[in-house]
Amino acid sequence: MTKWLGLPELASAHGGQIDGMIGWVHIFMLVLFVGWGGFFIYCLVRFRKSRQPVANYTGAKSHASSYLEGGVAVVEAVLLFGFAIPLWAARVDAMPPEREALVVRVTAEQFAWNIHYAGPDGKFGRTDLKLLDVSSNPLGLDRNDPAGKDDVTSLNQLYLPVNKPIIVRLRSKDVIHSFGVPEFRVKQDAIPGLTIPFWFIPNVTTAEMRTRTGNDAFQYEIACAQLCGLGHSSMRGFVTVQTAEDFQKWLAEKSKEQSAPDPFK
Ligand SMILES: [Cu+2]
């Protein structure tokens, strides 16, 4: 229904509702625009100088415009209470249970996205500021913690399984950033000092999207949606949506690779 708005391709379960909302707001604003525009032109003609040489200090006596404004307020209230607030509540209150979802920690920093998976054991390892090293351990992950041995970290590469609820726990190391993936209809600010959870269900794999768009190089992109400094425009991450099997394989491989002792140390 919202193809006419030129929105990006849709690749998440809840995205249709957001598009519907955007569509209705546009339709309603178009009606308002035409209505008020017409009224304006009517006034220009009706109250032109040749017809109305002397100003009338009493003004309009009918209540038509008050009723019209009342009607507009009612439609706006319906948009707000009927569509926007229920949609927002469903996104924010109804988090899926963690055992049915994949939990990923995403930590934004100038100018990169640090991704952290709990690994096959499903438990995040301890992180400690003292272990933080900008180049080798940007999250300060303690590999000696039993829960942290199999954890997987990556830079700017977010891998996700298709059709599974994803809970992202979003943080920032420095300034305000914003995690935005237009195809998922997801955008959330990262605020220093807070961990903000949000969730979505990606429902189109990267491979499917490449066929759908006819673009073999298609990539879902995490665009930082808050101007966060000089390197803001280069703060790009990529999301690869895979089948559940491919994702498990990827996670197991990375976990093995990263838990092996570093041969260069
Ligand atoms: Cu940023």
Practice prompt. Quickly run through segment 209-224 and pick out the residues that are within 16 Å of the ligand (Cβ to nearest atom) and crowded, with 18+ Cβ neighbours inside 10 Å.
Written response: 222, 224
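Each row is one residue, and each column tells you yes or no for (1) away from the ligand (no atom under 16 Å from the Cβ); (2) under 26 Å from residue 238 (Cα atoms); (3) in a helix (DSSP H, G or I); (4) of a type in the set (A, V, I, L, M).
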| residue | (1), (2), (3), (4) |
| --- | --- |
| 91 | yes, yes, yes, no |
| 99 | yes, yes, yes, no |
| 107 | no, yes, no, no |
| 120 | yes, yes, no, no |
| 124 | yes, yes, no, no |
| 130 | yes, no, yes, no |
Response to the item:
With criteria (1) at pLDDT 85 or above; (2) surrounded by fewer than 10 Cβ atoms within 10 Å (Cβ to Cβ), residue 58 comes up short on (1)
Worksheet item: In segment 194-208, how many residues are over 15 Å from residue 159 (Cα atoms) and either in contact with an Asp or Glu (Cβ under 9 Å, 6 or more places away or on another chain) or within 16 Å of the ligand (Cβ to nearest atom) (or both)?
Response: 2
Response to the item:
Within segment 170-190, of all residues that are surrounded by fewer than 21 Cβ atoms within 10 Å (Cβ to Cβ) and within 12 Å of the ligand (Cβ to nearest atom), the one nearest to residue 5 (Cα to Cα) is 180
Worksheet item: From the list 164, 187, which residue is over 30 Å from residue 133 (Cβ atoms), in a loop (DSSP other than H, G, I, E, B) and in contact with a Phe, Trp or Tyr (Cβ under 9 Å, 6 or more places away or on another chain)?
Response: 164
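The values are calculated or read from the model by the stated rules, or taken from the named source; none is laboratory data. These figures come from a predicted structure and were not determined experimentally. Positions of Cβ are backbone-derived with ideal geometry, glycine not excepted, and every protein chain shown enters the neighbour counts.
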